[in-house]
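Visitor: Below are the C-alpha coordinates for one structure; questions will follow.
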Amino acid sequence: GAGVSQTPSNKVTEKGKYVELRCDPISGHTALYWYRQSLGQGPEFLIYFQGTGAADDSGLPNDRFFAVRPEGSVSTLKIQRTERGDSAVYLCASRRTGGNTGELFFGEGSRLTVL
Amino acid sequence: AQRVTQPEKLLSVFKGAPVELKCNYSYSGSPELFWYVQYSRQRLQLLLRHISRESIKGFTADLNKGETSFHLKKPFAQEEDSAMYYCALRAGGANNLFFGTGTRLTVIP
(Lines give C-alpha, C1' and ligand atoms only; values in the text may rest on other atoms or scores of the structure.)
Protein backbone atom coordinates (compact mmCIF):
# COMPACT_ATOMS: atom_id res chain seq x y z
CA GLY A 1 0.00 0.00 0.00
CA ALA A 2 0.94 3.62 -0.32
CA GLY A 3 1.03 4.32 3.37
CA VAL A 4 0.54 2.93 6.83
CA SER A 5 -2.94 1.49 7.17
CA GLN A 6 -4.78 1.16 10.48
CA THR A 7 -8.05 -0.58 11.23
CA PRO A 8 -10.56 0.06 12.59
CA SER A 9 -10.58 3.81 12.21
CA ASN A 10 -13.09 4.01 15.06
CA LYS A 11 -13.88 1.58 17.82
CA VAL A 12 -16.42 2.03 20.57
CA THR A 13 -16.43 -0.54 23.32
CA GLU A 14 -17.63 -1.04 26.86
CA LYS A 15 -15.49 -0.98 29.93
CA GLY A 16 -14.00 -4.38 30.60
CA LYS A 17 -14.06 -5.59 27.00
CA TYR A 18 -11.12 -6.78 24.91
CA VAL A 19 -9.95 -4.77 21.90
CA GLU A 20 -7.59 -5.40 19.01
CA LEU A 21 -6.19 -2.68 16.78
CA ARG A 22 -4.39 -3.53 13.58
CA CYS A 23 -1.54 -1.83 11.75
CA ASP A 24 -0.27 -2.61 8.26
CA PRO A 25 3.04 -0.76 7.76
CA ILE A 26 4.61 0.43 4.55
CA SER A 27 6.01 -2.52 2.63
CA GLY A 28 9.65 -3.09 3.43
CA HIS A 29 9.67 -1.03 6.63
CA THR A 30 11.17 -3.22 9.31
CA ALA A 31 10.64 -0.80 12.19
CA LEU A 32 7.11 -0.36 13.56
CA TYR A 33 5.89 1.83 16.40
CA TRP A 34 2.70 2.23 18.40
CA TYR A 35 1.87 5.56 19.97
CA ARG A 36 -1.14 6.70 21.96
CA GLN A 37 -2.51 10.22 21.71
CA SER A 38 -4.95 11.45 24.30
CA LEU A 39 -6.97 14.62 23.84
CA GLY A 40 -4.78 17.71 23.97
CA GLN A 41 -1.58 15.73 24.20
CA GLY A 42 1.18 14.76 21.85
CA PRO A 43 1.76 11.17 20.75
CA GLU A 44 3.02 9.04 23.62
CA PHE A 45 5.34 6.14 22.81
CA LEU A 46 4.06 2.65 23.63
CA ILE A 47 6.18 0.03 21.86
CA TYR A 48 8.71 -0.41 19.06
CA PHE A 49 9.27 -3.48 16.90
CA GLN A 50 12.32 -4.28 14.84
CA GLY A 51 11.21 -7.13 12.65
CA THR A 52 9.18 -9.61 14.65
CA GLY A 53 10.56 -8.75 18.06
CA ALA A 54 9.56 -6.00 20.45
CA ALA A 55 12.82 -4.11 20.81
CA ASP A 56 11.41 -1.60 23.30
CA ASP A 57 8.11 -1.99 25.14
CA SER A 58 8.93 0.48 27.90
CA GLY A 59 5.99 2.70 27.02
CA LEU A 60 3.25 0.13 27.59
CA PRO A 61 1.33 1.50 30.58
CA ASN A 62 0.51 -1.85 32.21
CA ASP A 63 0.08 -5.53 31.53
CA ARG A 64 -3.35 -5.04 30.00
CA PHE A 65 -1.56 -3.80 26.89
CA PHE A 66 0.23 -6.19 24.56
CA ALA A 67 1.36 -6.05 20.94
CA VAL A 68 2.53 -8.62 18.45
CA ARG A 69 4.08 -8.66 15.02
CA PRO A 70 4.41 -12.37 14.24
CA GLU A 71 5.63 -12.15 10.65
CA GLY A 72 7.48 -8.88 10.82
CA SER A 73 4.85 -6.95 8.91
CA VAL A 74 1.33 -6.47 10.28
CA SER A 75 1.09 -5.67 13.97
CA THR A 76 -1.80 -5.96 16.40
CA LEU A 77 -2.15 -3.95 19.58
CA LYS A 78 -4.25 -5.80 22.14
CA ILE A 79 -5.93 -4.21 25.13
CA GLN A 80 -7.53 -6.38 27.77
CA ARG A 81 -10.17 -5.33 30.30
CA THR A 82 -10.45 -1.88 28.77
CA GLU A 83 -10.90 1.12 31.03
CA ARG A 84 -12.35 4.54 30.28
CA GLY A 85 -8.86 6.01 30.58
CA ASP A 86 -7.77 3.93 27.59
CA SER A 87 -9.87 6.15 25.33
CA ALA A 88 -7.47 7.78 22.88
CA VAL A 89 -6.26 7.73 19.31
CA TYR A 90 -3.80 4.90 18.80
CA LEU A 91 -1.25 5.72 16.14
CA CYS A 92 0.96 3.31 14.27
CA ALA A 93 4.10 4.38 12.45
CA SER A 94 6.73 2.62 10.42
CA ARG A 95 10.27 3.47 9.44
CA ARG A 96 12.75 2.17 6.93
CA THR A 97 15.93 1.06 8.65
CA GLY A 98 19.34 1.57 7.15
CA GLY A 99 20.36 5.10 6.26
CA ASN A 100 18.28 6.11 9.22
CA THR A 101 16.84 9.57 8.93
CA GLY A 102 14.58 9.16 11.90
CA GLU A 103 11.48 9.84 9.83
CA LEU A 104 8.40 8.01 10.98
CA PHE A 105 5.48 7.46 8.60
CA PHE A 106 2.22 7.53 10.50
CA GLY A 107 -1.13 5.96 9.89
CA GLU A 108 -4.38 7.84 10.36
CA GLY A 109 -4.92 6.25 13.72
CA SER A 110 -7.58 4.18 15.43
CA ARG A 111 -9.85 6.17 17.71
CA LEU A 112 -10.82 4.06 20.70
CA THR A 113 -13.71 5.10 22.92
CA VAL A 114 -14.37 3.12 26.07
CA LEU A 115 -17.81 3.77 27.54
CA ALA B 1 14.91 11.66 31.12
CA GLN B 2 13.90 13.39 27.95
CA ARG B 3 11.31 16.11 27.84
CA VAL B 4 9.95 18.30 25.06
CA THR B 5 8.07 21.46 25.95
CA GLN B 6 5.89 23.47 23.63
CA PRO B 7 4.65 26.34 25.76
CA GLU B 8 1.94 27.56 23.40
CA LYS B 9 -1.12 25.39 22.82
CA LEU B 10 -2.61 27.93 20.44
CA LEU B 11 -1.00 30.52 18.21
CA SER B 12 -2.74 32.87 15.79
CA VAL B 13 -1.02 35.13 13.29
CA PHE B 14 -2.15 37.14 10.30
CA LYS B 15 -1.29 36.05 6.80
CA GLY B 16 2.04 37.54 5.80
CA ALA B 17 3.21 37.99 9.37
CA PRO B 18 6.24 36.16 10.77
CA VAL B 19 5.57 33.11 12.88
CA GLU B 20 7.64 31.34 15.51
CA LEU B 21 6.57 28.15 17.24
CA LYS B 22 8.59 27.51 20.36
CA CYS B 23 10.13 24.23 21.40
CA ASN B 24 12.43 23.60 24.34
CA TYR B 25 13.89 20.28 25.28
CA SER B 26 15.55 18.61 28.20
CA TYR B 27 18.14 15.95 27.51
CA SER B 28 21.65 15.47 28.81
CA GLY B 29 23.15 14.02 25.63
CA SER B 30 23.11 15.02 21.97
CA PRO B 31 19.57 14.84 20.69
CA GLU B 32 18.07 14.80 17.25
CA LEU B 33 15.20 17.23 16.91
CA PHE B 34 12.29 17.11 14.51
CA TRP B 35 9.15 19.06 13.66
CA TYR B 36 6.09 17.06 12.65
CA VAL B 37 2.92 18.63 11.27
CA GLN B 38 -0.68 17.50 11.05
CA TYR B 39 -2.91 19.35 8.60
CA SER B 40 -6.67 19.12 8.94
CA ARG B 41 -7.93 15.62 8.16
CA GLN B 42 -4.44 14.41 7.29
CA ARG B 43 -2.01 12.15 9.07
CA LEU B 44 0.95 13.27 11.10
CA GLN B 45 3.97 13.83 8.86
CA LEU B 46 7.55 15.00 9.10
CA LEU B 47 8.13 18.67 8.33
CA LEU B 48 11.84 19.00 8.96
CA ARG B 49 14.75 17.65 10.98
CA HIS B 50 17.62 19.61 12.45
CA ILE B 51 20.39 17.51 10.95
CA SER B 52 19.27 18.35 7.43
CA ARG B 53 19.46 22.09 7.98
CA GLU B 54 16.83 22.48 5.29
CA SER B 55 13.97 24.86 4.65
CA ILE B 56 10.66 23.14 4.01
CA LYS B 57 7.62 25.14 2.88
CA GLY B 58 9.49 28.23 3.99
CA PHE B 59 9.99 26.92 7.52
CA THR B 60 13.37 26.68 9.21
CA ALA B 61 14.47 25.57 12.65
CA ASP B 62 17.85 25.93 14.28
CA LEU B 63 19.02 23.77 17.13
CA ASN B 64 20.36 25.98 19.92
CA LYS B 65 22.13 23.73 22.37
CA GLY B 66 22.91 26.58 24.74
CA GLU B 67 19.25 27.44 25.14
CA THR B 68 18.09 23.85 24.52
CA SER B 69 15.64 25.14 21.96
CA PHE B 70 14.50 24.20 18.48
CA HIS B 71 12.05 26.92 17.51
CA LEU B 72 10.25 26.71 14.17
CA LYS B 73 10.16 29.91 12.14
CA LYS B 74 8.69 31.25 8.96
CA PRO B 75 9.04 34.86 7.82
CA PHE B 76 5.67 35.15 6.07
CA ALA B 77 2.84 32.90 7.21
CA GLN B 78 0.38 31.52 4.67
CA GLU B 79 -3.18 30.32 5.24
CA GLU B 80 -2.16 26.78 4.28
CA ASP B 81 0.26 26.74 7.21
CA SER B 82 -2.67 26.41 9.60
CA ALA B 83 -2.13 23.06 11.29
CA MET B 84 -1.04 21.29 14.44
CA TYR B 85 2.73 21.31 14.93
CA TYR B 86 4.64 18.89 17.14
CA CYS B 87 8.25 19.14 18.18
CA ALA B 88 9.93 15.76 18.75
CA LEU B 89 13.22 14.54 20.16
CA ARG B 90 15.17 11.37 19.62
CA ALA B 91 17.77 10.59 22.24
CA GLY B 92 21.17 9.38 21.09
CA GLY B 93 21.05 5.69 20.27
CA ALA B 94 17.31 5.45 20.77
CA ASN B 95 14.78 4.45 18.17
CA ASN B 96 11.63 6.15 19.41
CA LEU B 97 10.62 9.79 19.40
CA PHE B 98 9.39 11.85 22.32
CA PHE B 99 6.79 14.39 21.29
CA GLY B 100 5.73 17.68 22.77
CA THR B 101 2.08 18.49 23.39
CA GLY B 102 1.78 20.43 20.15
CA THR B 103 0.87 23.95 19.06
CA ARG B 104 -2.16 24.69 16.93
CA LEU B 105 -1.26 27.41 14.46
CA THR B 106 -4.03 29.42 12.86
CA VAL B 107 -3.17 31.84 10.08
CA ILE B 108 -5.85 34.50 9.76
CA PRO B 109 -6.58 35.69 6.21
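Visitor: Viscosity 1.306 mPa s, temperature 10 °C: what is the translational diffusion coefficient of the stretch B:3-108 from Stokes-Einstein with a Kirkwood Rh over Cα pairs, rounded to a whole number of µm²/s? Present the calculation step by step, with values, prior to reporting the outcome.
Guide: Numbers: Rh = 13.8 Å.
Diffusion coefficient, whole number: 115 µm²/s.
Visitor: Roughly how compact is chain A, stated as its Cα Rg over 2.2 N^0.38 Å to two decimals?
Guide: Dividing the Cα radius of gyration by 2.2 N^0.38 Å gives 1.00.
Visitor: Another question about this same structure. Which residues, if any, in the stretch B:62-99 have at least 20 Å² less accessible area in the whole protein complex than in the isolated chain, probe 1.4 Å?
Guide: B:Y86, B:R90, B:N95, B:N96, B:L97, B:F99
Visitor: Kindly compute the accessible surface that chains B and A hide from a 1.4 Å probe when together, both sides summed, and give it to the nearest 100 Å².
Guide: Heavy-atom accessible area buried at this interface is about 1600 Å².
Visitor: For the protein assembly as shown, just the Cα atoms, rotate onto the principal axes and tell me the three extents in Å, largest first.
Guide: Principal-axis extents of the protein assembly as shown (Cα, largest first): 49, 37, 34 Å.
Visitor: Using the Cα centre of the stretch B:3-108 as the reference point, and only Cβ charges (+1 on K/R, -1 on D/E), how large is the resulting charge dipole? Debye, rounded to the nearest 20.
Guide: Values: 14 positive and 9 negative charges, 38 e Å.
The calculation lands at about 180 debye.
Visitor: Check each of the trypsin sites (Lys or Arg not before Pro) in the stretch B:27-97 and keep only those in coil by DSSP with at most 12 other C-beta atoms within 10 angstrom; list them in order.
Guide: For trypsin sites (Lys or Arg not before Pro) across the stretch B:27-97 that sit outside H, G, I, E and B with at most 12 neighbouring Cβ atoms in 10 Å, the list reads B:R41, B:R53, B:K57, B:K65.
Visitor: Here's another thing I want to ask about it. Kindly state, to the nearest 0.05, the FRET efficiency for A:F66 paired with A:L39, given R0 = 22 Å and r defined as their beta-carbon distance.
Guide: Details: r = 24 Å, r/R0 = 1.09.
Approximately 0.35, to the nearest 0.05.
Visitor: Report, by chain and number, residues whose modeled amide H sits under 5 Å from the one on A:I47, excluding near sequence neighbours (fewer than 5 apart, same chain).
Guide: Distant-sequence amide H within range of A:I47: A:W34.
Visitor: If contacts are Cα pairs under 8 angstrom and at least 6 residues apart, what is the relative contact order of the stretch B:3-108 in percent?
Guide: Relative contact order here is 39 percent.
Visitor: What are the principal axis extents of the Cα atoms in the stretch B:9-64, in Å, biggest first?
Guide: 37, 25, 24
The values are calculated or read from the model by the stated rules, or taken from the named source; none is laboratory data. All values reported here derive from a predicted model rather than from experimental measurement. Please note: Cβ atoms are built from the backbone with ideal geometry, for glycine as well, and neighbour counts cover all protein chains shown. What goes into the accessible areas is simple: the full protein's heavy atoms, side chains included, and nothing from ligands, DNA or RNA. Shrake-Rupley method; radii C 1.70, N 1.55, O 1.52, S 1.80 Å.
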